[in-house]
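These notes concern the structure reproduced below.
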Amino acid sequence: MFCEQCEQTASGQGCHQWGACGKSPEVNAVQDLLIYILRGLAPVALRARDLMISTDEVDRFTCEAIFATMTNVNFDQKRFTSYIRRALAYREHLKTQVQQVTKSDQSWPDITCYEPNFEDSLASQGEDIALQFIGQSKNNVDIFSLKLTVLYSLKGMASYAFHAQELGQTDERVDQFCYEALAALERQDLSLEDWVNLALKVGEINLLAMQLLDAGHTGNYGHPVPTSVPLNARVGKAILVSGHDIPQLEAVLKQTMGTAITVYTHGELLPAHGYPRLKQTYPHLYGHYGTAWQNQTREFAKFPGAIVITTNCLMPPHENYEDKLFSIGPVGYPGLNYLPAQPNGLPDFTPVITKALELPGFTEIGTPRQVTTGFARNALLGVADQVIAAVKAGKIRHFFLIGGCDGAKPDRNYYTELVEKVPEDCVILTLACGKFRFFDQELGAIEGIPRLLDVGQCNDAYSAIQIAIALANAFEVDVNQIPLSMILSWYEQKAVAILLTLLHLGIKDIRLGPTLPAFISPNVLKLLSDTYNLQPITIPEADLAACLA
Ligand code: FS2
Ligand code: SF4
């Protein structure tokens, strides 16, 4: 087994025996096999696109299948076998279409003709493929590092594209590049510089994918507005929706209308409360329960209703709550209730509703508490004049973007300490599940502007980027000259894609933690620090002092 795609990777070096996330070597190998088959599907899809053959269905499938291989999404070997069969079927179907259009036999590269033996262990075939991939680059550790950077960030980009597709937002450039990058992973002739450029290109196209997702969310649900969200319960039956998928949350809300069930968000769905059309249409979307993904085994066990997990981050479920937990979309775990999509693309949530009605629900409301979310780009830029005036008057000295992924490691306490030590004349923008370390702190306001502003999910990084660009425009300076420091925490592959987007935009001086990616070689790290001054976090006091100097 070889996997080092996330921050949790064993000993900070790579998971070789068993995934620190709970992924087995067999599932890891079958994921590698799926990626290999998608790499073989890519040149066929590119040829089909050249010939104006529609690949829409294959585009959607490819993004979902890649997304399923991200950290904490799917642990179910059977589901990967099904993805592999579908990838092969799409590949062969496109080949037939190409042949029909060109009226000639094509010569396809070997990778596009690979057929696994379904009678034999797919895991052992996946292991052979992984060894071959590692072997191809063993003489050049830096190129291998960049190849992994491209592959892992592509996973993040594909997940954004998948979410955008669900909302009807697609762009030819995203799908085209997805295939080009998959196909490039087979090439042995690219230089270090080519791989650096390809990695930055993932960042560029990822910006487009995030923009599509932003358009999908705001177009369907309105621009987020600052919204107070209860953290305590409402008496009655309950459903908890976790993950990131807002249209799937809406599907739950729609199907539970009139049932008297209250719907709560968990983890990265907290910002859903900021979307005005969701709140107005579904009054039973009530409050937020729990914190970040790594606390789910404790939080899910205590939740007195049914739970739907729409995307990452799923942890291996404990037996004391697995019967009330349901997965959908690309998410899976062996034996876990899975609700497949119906022809309308959405699952039938009847089993979730039935389970919620069987369970006791909340019998008391608990201590009333609340947090505010919804400070996405439109809300913040709506008060831009006030913000700029406060900066010019010296009332706001500096902005910090402190956000990204959470995780279980104790060194992530750095981010809590950092927020506590940010001086009182500074404003903190946050996003993603890393915020749960400080999201309920009372940090007050400066000239009516709250000092802690929740921009949204990790999927809303586009919004944070737009805020930074708008501030730079307002001050008529380069984005690197505005009084803003980015201190980010990473865990999975969406964070890798976002980091490359920030580098593509030329954003410098980013501090990254809690540790740097294991797949970044010393030379590649040197290149990134020399060019972008990308640096690891140190201790809160030192990093704050450096940012404010
Ligand atoms: Fe958090 Fe997990 Fe948001 Fe990441 S819920 S670390 O995969 O997507 O961010
Ligand atoms: Fe290890 Fe992360 Fe890969 Fe899981 S996803 S096997 S924890 S590197």
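Give me the residue from the stretch 111-158 that is charged (D, E, K, R) and over 16 Å from residue 517 (Cβ atoms) and, out of that set, nearest to the chain's Cα centre (by Cα).
Step by step, filter the stretch 111-158, then rank; the result is 127.
Go through 278, 240 for me and flag whichever is part of a helix (DSSP H, G or I) and over 16 Å from the mean Cα position of the chain (by Cα).
278
Before we move on, is residue 375 over 22 Å from the mean Cα position of the chain (by Cα), among the aromatic types (Phe, Trp, Tyr) and surrounded by 16 or more Cβ atoms within 10 Å (Cβ to Cβ)?
Answer is no for this residue.
Exactly one of these conditions fails for residue 206: (1) assigned to a helix (DSSP H, G or I); (2) more than 24 Å from residue 376 (Cα to Cα). Give me its number.
(2)
Would a scan of the stretch 61-84 turn up a residue that is touching a residue at least 60 places away in the same chain (Cβ under 8 Å) and among the aromatic types (Phe, Trp, Tyr)?
yes
Yes or no: residue 525 of a type outside the set (S, T, N, Q) and more than 16 Å from ligand 2 (Cβ to nearest atom)? Walk me through it before giving the result.
Working: of a type outside the set (S, T, N, Q): yes; more than 16 Å from ligand 2 (Cβ to nearest atom): yes.
Yes, satisfied.
Out of curiosity, is residue 23 of a type in the set (D, E, K, R) and within 16 Å of ligand 1 (Cβ to nearest atom)?
Values: of a type in the set (D, E, K, R): yes; within 16 Å of ligand 1 (Cβ to nearest atom): yes.
For residue 23, the condition - of a type in the set (D, E, K, R) and within 16 Å of ligand 1 (Cβ to nearest atom) - is met.
Which of the residues belonging to the stretch 93-152 are β-branched (Val, Ile, Thr) and under 30 Å from residue 193 (Cβ atoms)?
111, 112, 129, 134, 141, 143, 149, 150, listed by residue number.
Which one is farthest from ligand 1 (Cβ to nearest atom), of the residues in the stretch 56-83 that are surrounded by 23 or more Cβ atoms within 10 Å (Cβ to Cβ) and of a type in the set (Val, Ile, Thr)?
58
A quick yes/no check of all residues on (1) over 26 Å from residue 160 (Cβ atoms); (2) touching a residue at least 60 places away in the same chain (Cβ under 8 Å):
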{"position": "410", "(1), (2)": "yes, no"}
{"position": "422", "(1), (2)": "yes, yes"}
{"position": "430", "(1), (2)": "no, no"}
{"position": "437", "(1), (2)": "no, yes"}
{"position": "444", "(1), (2)": "yes, no"}
{"position": "452", "(1), (2)": "no, no"}
{"position": "477", "(1), (2)": "yes, no"}
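Tell me which of these residue 216 doesn't satisfy, since it passes every other one: (1) surrounded by 17 or more Cβ atoms within 10 Å (Cβ to Cβ); (2) small (Gly, Ala, Ser); (3) touching a strand residue (DSSP E or B) at 6+ places or on another chain (Cβ under 9 Å).
(3)
More than 26 Å from residue 341 (Cβ to Cβ) and assigned to a helix (DSSP H, G or I), is that true of residue 248?
no
Picking from 297, 227, which residue would you name as being under 25 Å from residue 412 (Cα atoms) and surrounded by fewer than 24 Cβ atoms within 10 Å (Cβ to Cβ)?
None of the others qualify; the one that does is 297.
Any residue at all in the stretch 13-24 that's under 19 Å from residue 328 (Cα atoms) and surrounded by 16 or more Cβ atoms within 10 Å (Cβ to Cβ)?
yes
Could you tell me which numbered condition residue 501 fails, if it satisfies all but one of (1) farther than 19 Å from residue 547 by Cβ; (2) in contact with a strand residue (DSSP E or B) (Cβ under 9 Å, 6 or more places away or on another chain)?
Only one criterion in (1) farther than 19 Å from residue 547 by Cβ; (2) in contact with a strand residue (DSSP E or B) (Cβ under 9 Å, 6 or more places away or on another chain) is unmet by residue 501, namely (2).
I'd like the full set of residues that are assigned to a helix (DSSP H, G or I) and among the aromatic types (Phe, Trp, Tyr), limited to the stretch 50-90.
Matches in the stretch 50-90: 61, 67, 80, 83, 90.
Go through the stretch 107-117 and give me each residue that's part of a loop (DSSP other than H, G, I, E, B) and loosely packed, with under 12 Cβ neighbours inside 10 Å.
107, 115, 117 - these are the residues of the stretch 107-117 that are part of a loop (DSSP other than H, G, I, E, B) and loosely packed, with under 12 Cβ neighbours inside 10 Å.
Quick check on my filter: what residues within the stretch 1-42 are assigned to a helix (DSSP H, G or I) and within 7 Å of ligand 2 (Cβ to nearest atom)? Let's see the steps before the verdict.
Of the stretch 1-42, the ones assigned to a helix (DSSP H, G or I) are 10-12, 25-42.
Correct list: 10, 28.
Which condition does residue 268 not pass, out of (1) among the charged types (D, E, K, R); (2) in a loop (DSSP other than H, G, I, E, B); (3) crowded, with 24+ Cβ neighbours inside 10 Å, if it passes all the others?
Every listed condition holds for residue 268 apart from (2).
Looking at the stretch 266-292, which of its residues are within 16 Å of ligand 1 (Cβ to nearest atom) and charged (D, E, K, R)?
Scanning the stretch 266-292 gives a single hit, 268.
Could you count how many residues in the stretch 491-531 are in contact with a Gly (Cβ under 8 Å, 6 or more places away or on another chain) and not aliphatic (A, V, I, L, M)?
Summing the residues that are in contact with a Gly (Cβ under 8 Å, 6 or more places away or on another chain) and not aliphatic (A, V, I, L, M) in the stretch 491-531 gives 8.
For every residue, the table says whether it meets (1) more than 16 Å from ligand 2 (Cβ to nearest atom); (2) surrounded by 24 or more Cβ atoms within 10 Å (Cβ to Cβ).
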site	(1), (2)
274	yes, yes
279	yes, no
304	yes, no
309	yes, yes
315	no, no
340	yes, no
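Anything in the stretch 401-460 that is over 18 Å from residue 516 (Cβ atoms), of a type in the set (Asp, Glu) and within 16 Å of ligand 1 (Cβ to nearest atom)? List them, or say none.
If the condition is that a residue be over 18 Å from residue 516 (Cβ atoms), of a type in the set (Asp, Glu) and within 16 Å of ligand 1 (Cβ to nearest atom), then 454, 460 are the ones that fit.
Determine, yes or no, whether residue 344 is surrounded by fewer than 23 Cβ atoms within 10 Å (Cβ to Cβ) and under 24 Å from residue 275 (Cβ atoms). I'd like the intermediate steps shown before the answer.
Numbers: surrounded by fewer than 23 Cβ atoms within 10 Å (Cβ to Cβ): yes; under 24 Å from residue 275 (Cβ atoms): yes.
Taking the combined requirement at face value, the residue satisfies it.
Filter the stretch 387-408 down to residues that are of a type in the set (Gly, Ala, Ser) and within 12 Å of residue 485 (Cα to Cα), then give me how many there are.
1
Laboratory data are not the source of any read-out in this text; all were calculated from the coordinates shown. Treat the numbers as computed from the prediction; the structure is a model and nothing was measured. Here Cβ is always computed from backbone atoms with ideal geometry, including for glycine, and neighbour counts include all displayed protein chains.
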